[in-house]
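Accompanying notes for the structure given below.
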Amino acid sequence: NVPEDQADKLLLASWGLPKAVLETYHSLGVVQMFEWQAECLMLGQVLEGKNLVYSAPTSAGKTLVAELLILKRVLETRKKALLILPFVSVAKEKKRYLQ
């Protein structure tokens, strides 16, 4: 669980994302994360590019964790990222969403 003194980490606004990114998430109704999502982002050196393996049921919010990690790394390092998705329809949706 996320410690009480770090409860603000549940809010997307706490992760240093640009205003435009936050506004896009907010327009989709995503203002905060589940505790397990914040825990993933706070593990070890995940935000510095170290590996993360996590598992959750379908529709639990795994993609949000991946998106936040990718967005932070791309914006901070100015490098490209490769996001592999299982279906063309999902890839098209993410392309529109991430643009």
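List pairs: first in the stretch 46-74 and touching a residue at least 24 places away in the same chain (Cβ under 8 Å), second of a type in the set (Val, Ile, Thr) and open to solvent by 70 Å² or more (accessible area, probe 1.4 Å), Cβ under 9 Å, 6+ apart or cross-chain? Taking only residues 6 or more apart or on different chains, not a single pair turns up. Could you tell me whether any residue of the stretch 33-41 is modelled with pLDDT of 90 or more and not in a helix (DSSP H, G or I)? Within the stretch 33-41, one or more residues are modelled with pLDDT of 90 or more and not in a helix (DSSP H, G or I).
Is it true that Val46 is within 13 Å of Leu12 (Cα to Cα) and open to solvent by less than 50 Å² (accessible area, probe 1.4 Å)? No. For the stretch 1-42, residues that are among the hydrophobic types (A, V, I, L, M, F, W, C), surrounded by fewer than 16 Cβ atoms within 10 Å (Cβ to Cβ) and under 18 Å from Val74 (Cβ atoms) total 1.
Does Val74 meet the test of being in a helix (DSSP H, G or I), open to solvent by less than 70 Å² (accessible area, probe 1.4 Å) and closer than 18 Å to Lys95 by Cβ? Yes: the conditions hold for Val74. Scanning the stretch 84-99 for residues that are open to solvent by less than 70 Å² (accessible area, probe 1.4 Å) and among the hydrophobic types (A, V, I, L, M, F, W, C) yields Leu85, Val90, Ala91.
Based on this model, can you work out whether Ala56 counts as assigned to a loop (DSSP other than H, G, I, E, B), open to solvent by less than 70 Å² (accessible area, probe 1.4 Å), out of contact with any Gly (no Cβ under 7 Å at 6 or more places or on another chain) and among the small types (Gly, Ala, Ser)? So Ala56 fits the description; yes. When Glu67 is tested against the conditions (1) open to solvent by less than 30 Å² (accessible area, probe 1.4 Å); (2) out of contact with any helix residue (DSSP H, G or I) (no Cβ under 6 Å at 6 or more places or on another chain); (3) not in a helix (DSSP H, G or I), the lone failure is (3).
The values are calculated or read from the model by the stated rules, or taken from the named source; none is laboratory data. What you see is a predicted model; the values in this text were computed from it and never measured. Note that each Cβ is placed from the backbone with ideal geometry, even for glycine, and that neighbours are counted across all protein chains shown. Note: accessible area is taken over every heavy atom of the protein model, side chains too, but ligands, DNA and RNA are not part of it. Shrake-Rupley method; radii C 1.70, N 1.55, O 1.52, S 1.80 Å.
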